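Participant: Encoded as structure tokens, here's the structure I'll be asking about.
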Amino acid sequence: MDLSPDEYGAYWRASIRVAAGVLVFFFGLRLTAPLRTHPEVGASVLGVILLILLALVGTYLAMLGVARVVRTAVDAET
């Protein structure tokens, strides 16, 4: 797969988006763990809601990156 400098840059920017999505999800798990395991119901519900929101944001970022990587690879092959 021969990439032009522009395609190479787009590929790496997309890879950074995938990594950012994974990091948001990972740190979302770590940061909400104390809330999710808290004995109070309100704190636990807040932890679960925050985890769901951070998981959605992380998944969205990762899928944006994956779509860009696939599009760059298809453009490079054609």
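Participant: Quick one: would you say Ala67 is in a helix (DSSP H, G or I), under 30 Å from Ser4 (Cβ atoms) and either at pLDDT 95 or above or of a type in the set (A, V, I, L, M, F, W, C) (or both)?
Facilitator: Considered against the rule, which asks whether it is in a helix (DSSP H, G or I), under 30 Å from Ser4 (Cβ atoms) and either at pLDDT 95 or above or of a type in the set (A, V, I, L, M, F, W, C) (or both), Ala67 comes out as yes.
Participant: OK, next. Restricting attention to segment 34-51, report how many residues are assigned to a helix (DSSP H, G or I) and either surrounded by fewer than 12 Cβ atoms within 10 Å (Cβ to Cβ) or among the aromatic types (Phe, Trp, Tyr) (or both). Steps first, please.
Facilitator: The first filter runs over segment 34-51 and keeps only residues assigned to a helix (DSSP H, G or I), leaving 34-36, 41-51.
Filter once more, keeping what is either surrounded by fewer than 12 Cβ atoms within 10 Å (Cβ to Cβ) or among the aromatic types (Phe, Trp, Tyr) (or both): 34, 41-42.
Going through segment 34-51 one residue at a time, the tally reaches 3.
Participant: Could you tell me which numbered condition Leu31 fails, if it satisfies all but one of (1) touching a helix residue (DSSP H, G or I) at 6+ places or on another chain (Cβ under 7 Å); (2) exposed (fewer than 15 other Cβ atoms within 10 Å of the Cβ)?
Facilitator: Exception for Leu31: condition (1).
Participant: Can you run down the residue pairs with Cβ atoms below 8 Å, 6 or more apart or on separate chains, where the first is in segment 13-27 and closer than 14 Å to Met63 by Cβ and the partner is basic (Lys, Arg) and surrounded by 15 or more Cβ atoms within 10 Å (Cβ to Cβ)?
Facilitator: If the second residue must be basic (Lys, Arg) and surrounded by 15 or more Cβ atoms within 10 Å (Cβ to Cβ), the pairs left are Ala14/Arg68; Arg17/Arg68.
Participant: So which residues in segment 1-32 are more than 17 Å from Ala67 (Cα to Cα) and modelled with pLDDT of 90 or more, if there are any at all?
Facilitator: Within segment 1-32, Leu23, Val24, Phe25, Phe26, Phe27, Gly28, Leu29, Arg30, Leu31, Thr32 meet the criteria.
Participant: Six or more apart or on different chains, Cβ atoms under 8 Å: show the pairs whose first residue is in segment 38-49 and touching a residue at least 12 places away in the same chain (Cβ under 8 Å) and whose second is exposed (fewer than 13 other Cβ atoms within 10 Å of the Cβ) and among the aliphatic types (A, V, I, L, M).
Facilitator: Gly47/Ala33
Participant: When you go through Val66, Val74, Val57 one by one, which is the residue that is within 14 Å of the chain's Cα centre (by Cα) and within 18 Å of Tyr8 (Cα to Cα)?
Facilitator: Val66
Participant: As an exercise: evaluate Leu56 against (1) within 15 Å of Val18 (Cα to Cα); (2) surrounded by 14 or more Cβ atoms within 10 Å (Cβ to Cβ); (3) modelled with pLDDT of 90 or more and give the number of the one condition it does not meet.
Facilitator: (2)
The values are calculated or read from the model by the stated rules, or taken from the named source; none is laboratory data. Source: prediction; values computed, not measured. As a convention, Cβ positions derive from the backbone with ideal geometry for all residues, glycine included, and neighbour counts pool all protein chains shown.
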